[in-house]
Amino acid sequence: MRTWNDLYKMLKNGEMDRSLMQTGCEDINAYRTRATEVMNGFEKTFGVKEDTLAALCSAPGRTEICGNHTDHQHGHVLAAAVNLDFLACVSPNGTQTVHFQSEGWPMTTVDLSDLKQQEAEKETTASLVRGVMAELAKAGYTIGGFDMYAVSNVLPGSGLSSSAACEILLGVAGNHLFCQDELDAVTLAKIGQKAENQYFGKPSGLMDQTASSVGDAVAIDFADPSAPIVRSVTANLEELGLALCIVDCGADHAALTGEYASIPREMEQVAAFFGKKVLREVQEEEVLKAMPQLRRAVGDRAVLRALHFYADDRRAVEEADALERRDRDAFLQLVKESGRSSWELLQNITPAGAVEAQDMAIALEAAEIALNGKGACRVHGGGFAGTIQAFVPTESVSEFCEKMELMLRKGCCHVLNIRPTGGIVL
């Protein structure tokens with residue numbers, strides 16, 4: 001690890017540009033400026049001595065391409081890291097206290113002398129800090145306190161999984177400071193998921209953390225969540241004549257944990273009907289044969305959500321294969337089918353009972369109008385709020401964004417790239 005002063009000089013002199021390019025940034029000058037501002041923010045917040053050691057860490061947001069709510073049922077997903085990230089300067093402070101300053105937010109302080117789950121910390125950044133560090137300690141490493149100053153352009157509640165990016169950022173930093181960088185990307189993803197499930201209190205699958213940690217596009221088989229099979233997929237959208245657009249529907253994920261939790265809970269109720277834990281362990285034919293009894297036992301929404309699982313589980317594999325063979329038409333058709341299944345079967349577009357506010361449904365219909373039969377769009381991520389995803393013909397991107405911003409609001413449409421790397425020390 002370099003001293004803060006040496007790191008800062010290398011950054012300003014352009015000696016770190018090759019490392020910075022690993023983030024998939026389109027403008028190296030802009031990213032270098034952003035990294036410099038992070039280091040200045042660290043100095044202003046924590047102070048710097050001549051021997052202060054420091055590192056720059058980055059962890060990307062992710063976009064789910066197919067496999068909507070299939071990961072927690074041990075299914076298949078297709079996801080990719082994007083060129084929006086958490087970027088941080090971190091330094092060990094020789095204590096047992098973590099100081100985490102995310103720009104624009106109050107300072108988070110966590111005492112690592114107590115690594116037990118704290119009920120009062122649920123759904124806070126402190127819970128993620130404590131959870132990640134607790135998992136590193138469980139893995140046998142001697143952890144310590146550190147100071148971190150972070151900025152993020154992965155907007156909270158955007159559907160690009162800012163929470164997973166934060167978890168991977170903390171994991172990458174902890175791995176570098178206390179584990180000699182021994183832990184691989186999938187292990188860090190599992191650590192992030194445990195922090196989110198057990199400490200933060202959100203019952204997510206492992207897709208978000210894996211996509212953020214591994215980077216590029218990845219096809220993941222979660223048949224054994226303790227050892228997911230991760231296949232790198234070449235997702236050259238430019239070669240297919242497509243651009244990835246993310247549209248913010250205007251509502252965030254605040255207070256929607258219950259909506260998300262209902263999906264794995266109801267899917268698992270279907271599995272439990274057959275004496276199993278998750279739907280991957282139950283054949284679709286069994287569900288179809290038992291549908292009358294199943295409807296009475298668990299309700300129609302649970303059955304529909306189970307049927308979505310089987311269909312999207314197949315599509316995730318087919319879509320990865322379509323990308324690999326550069327089959328644009330097949331890829332777009334599968335995207336459309338996945339989006340329609342999420343809306344009709346999974347029912348994660350509008351929170352239960354919402355009538356007047358249906359932001360995501362409006363955004364999806366607006367995208368269909370703007371695409372005018374070309375490209376494809378779908379919900380991605382947890383749903384109910386956040387963002388939708390559209391694959392837009394490259395020649396139509398400007399027109400698409402213009403129409404979306406006319407129908408929704410200015411600044412809602414973002415054109416992203418798939419990032420080649422996951423969580424890294426720069």
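The values are calculated or read from the model by the stated rules, or taken from the named source; none is laboratory data. None of these values were measured; they are calculated from a predicted model. Cβ coordinates were reconstructed from backbone atoms using ideal geometry, including for glycine residues, and neighbour counts include every protein chain displayed. Side chains are part of the model used for accessible areas, which takes the heavy atoms of the whole protein and leaves out ligands, DNA and RNA. Shrake-Rupley method; radii C 1.70, N 1.55, O 1.52, S 1.80 Å.
Here the range 245-322 is treated as an ellipsoid with the same Cα gyration tensor; its semi-axes, largest first and in whole Å, are 25, 19, 10.
Assuming R0 = 41 Å, can you tell me the calculated FRET efficiency for the pair residue 229 and residue 28, based on Cβ-Cβ distance, to the nearest 0.05? Calculated transfer efficiency: 0.75. Sites listed here are GluC sites (Glu not before Pro) in the range 139-206 whose DSSP assignment is loop and whose Cβ has at most 14 other Cβ atoms within 10 Å: 182.
Its residue count N sets the reference 2.2 N^0.38 Å, and the alpha-carbon radius of gyration of the range 107-261 equals 1.09 times that reference. Counted residue by residue at 0.36 nm each, then reduced by the alpha carbon distance between them, the extension gain from residue 17 to residue 2 reaches 3.8 nm.
Shown here for the range 37-127: trypsin sites (Lys or Arg not before Pro) in loop regions (DSSP other than H, G, I, E, B) with at most 11 other Cβ atoms within 10 Å, namely 49, 116. Pair-distance distribution of the chain: all C-alpha pairs, bin width 10 Å, starting at 0; shares per bin in whole percent are 5, 22, 31, 25, 13, 3, 0, 0. Annotation for the range 6-53: GluC sites (Glu not before Pro) lying in DSSP loop with at most 12 further Cβ atoms inside 10 Å of their Cβ are 15, 26, 50. What's log10 of I(q)/I(0) for the range 340-414 at q = 0.15, 0.16, 0.22 Å⁻¹, Debye sum over Cα points only, no solvent? Log10 of I(q)/I(0), two decimals: -0.49, -0.55, -0.99. The stretch between residue 281 and residue 257 holds 6.1 nm of extra length on full extension. This uses 0.36 nm per residue minus the Cα-Cα distance.
Given R0 = 56 Å, the distance between the Cβ atoms of residue 295 and residue 116 translates into a calculated FRET efficiency of 0.85. Using only the C-alpha atoms, the convex hull of the range 269-426 corresponds to 171 Å³ per residue. Give me the lysines in straight-line cross-link reach of residue 289: C-alpha distance below 23 Å, same-chain residues under 8 apart excluded. Reachable lysines: 276, 277. Working from the Cα coordinates of the range 21-84, the gyration tensor eigenvalues give, after taking √(5λ), semi-axes of 35, 16, 9 Å in decreasing order. Size descriptors for the range 38-158, from the alpha-carbon set: Rg then Dmax equal 16.4, 51 Å. A straight Cα-to-Cα reach below 30 Å connects residue 12 with the lysines 44, 49, residues fewer than 8 places away in its own chain not being considered.
One equal scatterer on each Cα of the range 192-257, no solvent, Debye formula: the resulting log10 I(q)/I(0) at q = 0.12, 0.24, 0.29 Å⁻¹ is -0.47, -1.09, -1.20. Straight-line reach from residue 194: taking Cα to Cα under 18 Å and skipping same-chain neighbours fewer than 8 places apart, the lysines in range are 116, 122, 138, 202. Compared with the dominant principal axis of the Cα atoms in the chain, helix 328-341 is inclined by about 80°. What the chain shows is 41 Å² of accessible area per residue, with the surface traced by a 1.4 Å probe over protein heavy atoms. In this structure, residue 327 and residue 107 have a Cβ-Cβ separation that, at R0 = 45 Å, corresponds to a calculated FRET efficiency of about 0.35.
What's log10 of I(q)/I(0) for the range 135-217 at q = 0.11 Å⁻¹, Debye sum over Cα points only, no solvent? Here log10 of I(q) over I(0) equals -0.28. Using Cα atoms only, what is the angle between the long axis of helix 257-273 and the major principal axis of the chain, expressed in degrees (0 to 90) to the nearest 10? It works out to around 50 degrees. The range 355-410 and the range 223-273 have Cα centres lying 18 Å from one another. Using only Cα atoms, find the angle between the long axis of helix 162-178 and the longest principal axis of the chain, and express it within 0 to 90 degrees, rounded to the nearest 10. In the chain, helix 162-178 runs at an angle near 40 degrees to the longest axis.
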